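Let me begin by presenting the structure, written as structure tokens, before commenting on it.
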Amino acid sequence: GVKTVTLNTDVIQEKSQASRALYEHAAALGEAFAPYAKVCAAAMIPNVSFQYNSEVRSTSAQALAPIFEAACAYATASSVGGKPVPPDMRRMPQQLFSSVCNTVVKQLAEERAEPETMLALADALSDVTCAAYSCLSGGEAGANAPRLTESEGRQLVQSLAGLAAECLERRRQLYEGMAGAQDEDERFEYQEALDTECELLTPLVDSIGYTLKSAGPKFARTFDAVVGPAFSSMLEGGDDTRARFAAVCLFDDCVEHCGPEAAAKHAPSLLRGVLPGIDDSRNGGDTELKQAAVYGVAQIARHAPHVLAPVAGDVLGVLCGIVQRGANDEDEVSLVENAVSCLGSMVVFKGSRFAAAAGGSLAQVKELVLDSLPIKEDE
């Protein structure tokens, strides 16, 4: 079989320690670290594919995230230390972004035998794509936000979708194995393995989502060609609620960010996912799936209301029930606030189109929404 050989000399340990030190410095200093970001990124990028030691690869990728975040924070600041940000510093995130993404995602595909390293790289890529999306704040800073070309974005997403598909297939096999487990110890081992795969799936899907949101309507063709076909079958059912959650989140993002044509095209598929997602008899008790489904209802109501119209009355009843029950713990606070926001979009706020669906309960629904304001954690 294939064997992995790892070298662990003093020099290699120093590489790893240096990467950790850069991580800590960049994370602590934030935008003040930006003048050193370009040279530090140039030193870290080759180490992401350092073939002799997985710890060097992990720590180098992890260091790239706060280094890139520091560059983004500096580039999007109106001024730093009372001085304007030089134009070349505003361009730095764009200069780094493609190289960092391409390096990390290429190495991800080489780490299948090293799950901990794979997770470290996936987390780093999620942080980098999140930082790029966070730069889209308008004005001069927004104009200099790092972006991938459509081709680069599609290649990145194709790689990530393929890795996510492998992860989901492993989860499917684990569920099958767990169904035949002989005792609690064996079931516990299967659950641990499922949790490990979930830890990897989350940043892979998050990176796709941030790339989608950064590109906006320009991502529609990539969604049609890559993301939709890869995740649409996971929307409606199956034992793996994490797979359903991932699919609902990505379709939520598409309807919200990819423009009116994409919203009209993909909202019907999303509706098939959100209806079982908000149904406690069909969502496996997964609060995050339920929250994503409620968020999806809100996006359909805002961007493709004709799709929601046939089931609007039933959906309003479910949403009112969520708000009336309230949050039993901290995990449910965002769920309840998403439901409040969704009700507002459907029957209260300007442009709402579903007042008639509330029938004689319209006044009570409006009162329920107003009594729940202000909301603080709804995203």
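The values are calculated or read from the model by the stated rules, or taken from the named source; none is laboratory data. Quick caveat: nothing in here was measured; it's all calculated off a predicted structure. We place every Cβ from the backbone using ideal geometry, glycine too, and count neighbours over all the protein chains shown. Note: accessible area is taken over every heavy atom of the protein model, side chains too, but ligands, DNA and RNA are not part of it. Shrake-Rupley method; radii C 1.70, N 1.55, O 1.52, S 1.80 Å.
Data table
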item: Scan of region 9-57 for residues that are over 26 Å from the mean Cα position of the chain (by Cα) and not in a helix (DSSP H, G or I), ordered by number; result: Thr9, Phe50, Gln51, Tyr52, Asn53
item: Hey, Gly237 open to solvent by less than 20 Å² (accessible area, probe 1.4 Å), of a type outside the set (Val, Ile, Thr) and touching a helix residue (DSSP H, G or I) at 6+ places or on another chain (Cβ under 8 Å) or not; result: no
item: Residue within region 208-222 that is closer than 22 Å to Ala298 by Cβ and of a type in the set (Lys, Arg) present; result: yes
item: Among the candidates Gln324, Gln299, residue that is in a helix (DSSP H, G or I), open to solvent by 30 Å² or more (accessible area, probe 1.4 Å) and touching a residue at least 40 places away in the same chain (Cβ under 8 Å); result: Gln324
item: Count of region 195-225 residues which are farther than 20 Å from Val100 by Cβ and over 16 Å from the mean Cα position of the chain (by Cα); result: 8
item: Which numbered condition Cys135 fails, given (1) at pLDDT below 95; (2) under 19 Å from the mean Cα position of the chain (by Cα); (3) surrounded by fewer than 21 Cβ atoms within 10 Å (Cβ to Cβ); result: (3)
item: Subset of region 85-133 [farther than 17 Å from Glu31 by Cβ and among the β-branched types (Val, Ile, Thr)]; result: Val100, Thr103, Val104, Val105, Thr117, Thr129
item: First in region 45-61 and in contact (Cβ under 8 Å) with a residue 12 or more places away in the chain and within 14 Å of Ala109 (Cα to Cα), second anywhere and part of a loop (DSSP other than H, G, I, E, B) and of a type outside the set (A, V, I, L, M, F, W, C), Cβ under 6 Å, 6 or more apart; result: Ser54/Glu114
item: Flag for Thr117 being open to solvent by less than 80 Å² (accessible area, probe 1.4 Å), under 26 Å from Glu197 (Cβ atoms) and of a type in the set (Val, Ile, Thr); result: yes
item: Phe354 of a type in the set (Phe, Trp, Tyr), open to solvent by 40 Å² or more (accessible area, probe 1.4 Å), under 22 Å from Asp252 (Cα atoms) and out of contact with any Cys (no Cβ under 8 Å at 6 or more places or on another chain); result: no
item: Hits in region 64-94 (condition: closer than 22 Å to Ala215 by Cα, open to solvent by 30 Å² or more (accessible area, probe 1.4 Å) and part of a loop (DSSP other than H, G, I, E, B)); result: Thr76, Arg91
item: Pair list, Cβ under 8 Å, 6 or more apart: region 225-240 residue of a type in the set (A, V, I, L, M), other residue open to solvent by 40 Å² or more (accessible area, probe 1.4 Å); result: Ala225/Arg154; Val226/Arg154; Val226/Gln158; Ala230/Ala165; Leu235/Arg272
item: Hits in region 331-357 - residues which are part of a helix (DSSP H, G or I) and among the polar types (S, T, N, Q); result: Ser334, Asn338, Ser341, Ser345
item: Any hit, region 306-319, residues being touching an Asp or Glu at 6+ places or on another chain (Cβ under 6 Å), assigned to a helix (DSSP H, G or I) and open to solvent by 10 Å² or more (accessible area, probe 1.4 Å); result: no
item: Inter-residue pairs, beta-carbon under 6 Å, first among the basic types (Lys, Arg) and in region 153-175, second part of a helix (DSSP H, G or I) and open to solvent by 10 Å² or more (accessible area, probe 1.4 Å), 6+ apart; result: Arg170/Glu197; Arg171/Glu197
item: Residue within region 265-273 that is outside any helix (DSSP H, G or I), more than 27 Å from Glu166 (Cβ to Cβ) and open to solvent by less than 20 Å² (accessible area, probe 1.4 Å) present; result: no
item: First in region 279-294 and on the phi < 0 side of the Ramachandran plot, second anywhere and among the charged types (D, E, K, R) and modelled with pLDDT of 95 or more, Cβ under 7 Å, 6 or more apart; result: Asn283/Lys290; Leu289/Arg244; Ala292/Asp252
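Conditions tested, residue by residue: (1) hydrophobic (A, V, I, L, M, F, W, C); (2) surrounded by 24 or more Cβ atoms within 10 Å (Cβ to Cβ); (3) assigned to a helix (DSSP H, G or I).
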residue: Asp195; (1), (2), (3): no, no, yes
residue: Tyr210; (1), (2), (3): no, no, yes
residue: Lys213; (1), (2), (3): no, no, yes
residue: Phe219; (1), (2), (3): yes, yes, yes
residue: Ala225; (1), (2), (3): yes, no, yes
